[in-house]
1. Output yes when any residue across the range 74-83 is touching a Gly at 6+ places or on another chain (Cβ under 9 Å) and without any contact (Cβ under 8 Å) to a residue 40 or more places away in the chain, and no when none is.
2. Any chance you could count how many residues in the range 131-164 are among the hydrophobic types (A, V, I, L, M, F, W, C) and closer than 16 Å to Gln100 by Cα?
3. Inside the range 112-171, can you point out the residues that are β-branched (Val, Ile, Thr), within 18 Å of Tyr23 (Cα to Cα) and more than 13 Å from the chain's Cα centre (by Cα)?
4. Note down all Cβ pairs under 8 Å where the first residue falls in the range 136-156 and is aromatic (Phe, Trp, Tyr), the second is in a strand (DSSP E or B) and open to solvent by 10 Å² or more (accessible area, probe 1.4 Å), and they're at least six residues apart or on different chains.
5. Could you pull out the residue among Gln132, Gln112, Gln121, Gln100 that is open to solvent by 70 Å² or more (accessible area, probe 1.4 Å) and in contact with a strand residue (DSSP E or B) (Cβ under 7 Å, 6 or more places away or on another chain)?
6. When only residues in the range 141-171 that are assigned to a helix (DSSP H, G or I) and in contact with a strand residue (DSSP E or B) (Cβ under 7 Å, 6 or more places away or on another chain) count, which is most open to solvent (accessible area, probe 1.4 Å)?
7. Among the residues of the range 51-98, which ones are outside any loop (DSSP other than H, G, I, E, B), over 22 Å from Ser120 (Cβ atoms) and not aromatic (Phe, Trp, Tyr)?
8. What is the number of the single condition among (1) open to solvent by less than 60 Å² (accessible area, probe 1.4 Å); (2) over 23 Å from Gly141 (Cα atoms); (3) among the β-branched types (Val, Ile, Thr) that Thr12 does not meet?
Amino acid sequence: MKVLILQASPRTNGSTAWMAEEYKKAAEAAGHEVTVYNVAHKKIAGCMACEYCHNKGNGACIQKDDMQELYPLMAEVEALVLAAPIYYFTLSAQLQAPIQRMYCVSKPAKVQKMSLLISSQSPNVYDGAMAQFRDLCNYWGAFNLGLVTAKADEQKTEETQKKIVALVARL
């Protein structure tokens, strides 16, 4: 299965990046083809609601930024993993922009399954991100494989790594 991980932490060695890398290692060990795309290090603007994509653009966004690299990956992916830090009760802005920019194509054509990896320094701040993820799975028609959270004392631990491996096993 083709797996795409949208890694949305600007911290290269942070907890979210670690979670994404652990997912990648486990998925590749299980025989899946995995690409990690760090959206936090790309220049992806938010949707302008200009409707160019639905009028003159024939499904193409008028903005020519790094999202142009991501559209082909999203078109081929069968399993999508969203990996984001939670700074303020929902998915980070770095992940929001590419999700919103999918508006021009409605939804990824081949996505069948989705997972969520989220980390935060605080407990009990995940509800907004989990609700958005659940709604996104429903709208895109993707099976929700589940999620792994990691608050401060759970980050980069063997216990969290085991939870990630168990999540990968659901692929």
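The values are calculated or read from the model by the stated rules, or taken from the named source; none is laboratory data. Only a predicted model underlies this, so the values are computations on that prediction, with no experimental measurement involved. With ideal geometry, Cβ positions are generated from the backbone for all residues, glycine too; neighbour counts draw on all protein chains shown. Heavy atoms of the whole protein, side chains included, go into the accessibility calculation; ligands, DNA and RNA do not. Shrake-Rupley method; radii C 1.70, N 1.55, O 1.52, S 1.80 Å.
1. no
2. Counting residues in the range 131-164 that are among the hydrophobic types (A, V, I, L, M, F, W, C) and closer than 16 Å to Gln100 by Cα gives 5.
3. Answer for the range 112-171, where residues must be β-branched (Val, Ile, Thr), within 18 Å of Tyr23 (Cα to Cα) and more than 13 Å from the chain's Cα centre (by Cα): Thr149, Thr157, Thr160, Ile164, Val165, Val168.
4. Phe143/Lys113
5. Gln112
6. Looking at the filtered set, the residue picked out is Lys163.
7. Quick first cut of the range 51-98, residues outside any loop (DSSP other than H, G, I, E, B) only: 67-76, 79-86, 91, 93-98.
After this cut, where a residue has to be over 22 Å from Ser120 (Cβ atoms) as well, the list is 67-76, 79.
Met67, Gln68, Glu69, Leu70, Pro72, Leu73, Met74, Ala75, Glu76, Ala79, listed by residue number.
8. In the conditions (1) open to solvent by less than 60 Å² (accessible area, probe 1.4 Å); (2) over 23 Å from Gly141 (Cα atoms); (3) among the β-branched types (Val, Ile, Thr), Thr12 misses (1) alone.
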